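Worksheet: one structure, shown below.
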Amino acid sequence: MSEIVLKTEGLTKHYAGVQALEGASFELRKGEHVAIMGDNGAGKSTFVRQITGVEIPSRGKIIFLGREVNFQSPLEAREAGIEAVFQNLALADDLDVPSNLFLGREKIRFNLGPFSILDRKGMREATRKALEKTAVKIPNLSSTIRHMSGGQRQCVAIARTATFPSKLIIMDEPTAALGVAETAQVENIIRTIKQNGEPLILISHNMRQVFDLADRIVVFRRGRIAAKLKKSETTGEEVVAYITGAKTDPNLSDAA
């Protein structure tokens, strides 16, 4: 068995009495790609927001790289090695590609306090290497994000995860608003991440995409994990049955 990168035990989140997530126990191993599926409101995004420090769990444990963590912010999670791409992308429209990749983590050439000089050449070279690593093609790195297509913007957000050393990548619906060609480009990036041996959690509604890219499928329903399935041992029809509640697993254990 390969090394466990991420483990959650009974992860729970309540909002003023509303149960958004209840008792989610999950494991992700080194190099593994796991897809999370479920209807809107099933608890998928709530789950990853707890892992990435966007929200604080009401109850439960998060164990990352063998130690229990309690991230208080996305910055803490990022510094620990978790890179995330959410649907809103969090890109600055008026900045170019290197400035977006290094936003909040700028390389400094000369540290002169408030008058520090940025290492723009170093950031540009690191950006070029990150784009090569993920096979992203951006013709002009000086272009501002505002003037890029949806697919290019998404690819920049994903390439940002490759700019810095990471132990885990999380993507929340990375192709939801993209066309066919742009979706194919993002999926190729995910395949490259797989080839590089980096573990990934992918939230997606796209059944074809999930079966093409994931090793395992975890289904969420009404804030709980309803099924944990090996891709090779299940079908799309079975996944849909778990999503809709037509099929349940009364013997589902807390172990991933």
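The values are calculated or read from the model by the stated rules, or taken from the named source; none is laboratory data. What you see is a predicted model; the values in this text were computed from it and never measured. Note: ideal-geometry Cβ built from the backbone for every residue, glycine included; neighbour counts use all protein chains shown.
Listing for the model above:
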read-out	value
Subset of segment 138-167 (residues that are in contact with a Gly (Cβ under 9 Å, 6 or more places away or on another chain) and closer than 12 Å to Val85 by Cβ)	Ser166
Condition broken by Ala227, with the remaining ones in (1) in contact (Cβ under 8 Å) with a residue 60 or more places away in the chain; (2) outside any helix (DSSP H, G or I); (3) over 22 Å from Ser149 (Cβ atoms); (4) of a type in the set (A, V, I, L, M, F, W, C) satisfied	(1)
Strands (runs of 3 or more DSSP E) fully within segment 4-99 counting 2 or more residues that are more than 17 Å from the chain's Cα centre (by Cα) and buried (at least 16 other Cβ atoms within 10 Å of the Cβ)	4-15, 18-29
Qualifying positions in segment 178-197 - surrounded by fewer than 20 Cβ atoms within 10 Å (Cβ to Cβ) and in contact (Cβ under 8 Å) with a residue 60 or more places away in the chain	Lys194, Asn196, Gly197
Residues of segment 153-172 satisfying the condition of being surrounded by fewer than 22 Cβ atoms within 10 Å (Cβ to Cβ), more than 9 Å from the chain's Cα centre (by Cα) and not small (Gly, Ala, Ser)	Arg153, Thr163, Phe164, Pro165, Lys167
Answer from Gly81, Gly53 - the residue that is at pLDDT 90 or above, over 17 Å from Phe164 (Cα atoms), touching a Lys or Arg at 6+ places or on another chain (Cβ under 9 Å) and of a type in the set (Gly, Ala, Ser)	Gly53
Within segment 130-152, considering residues that are under 18 Å from the mean Cα position of the chain (by Cα) and β-branched (Val, Ile, Thr), the one farthest from Ile193 (Cα to Cα)	Val136
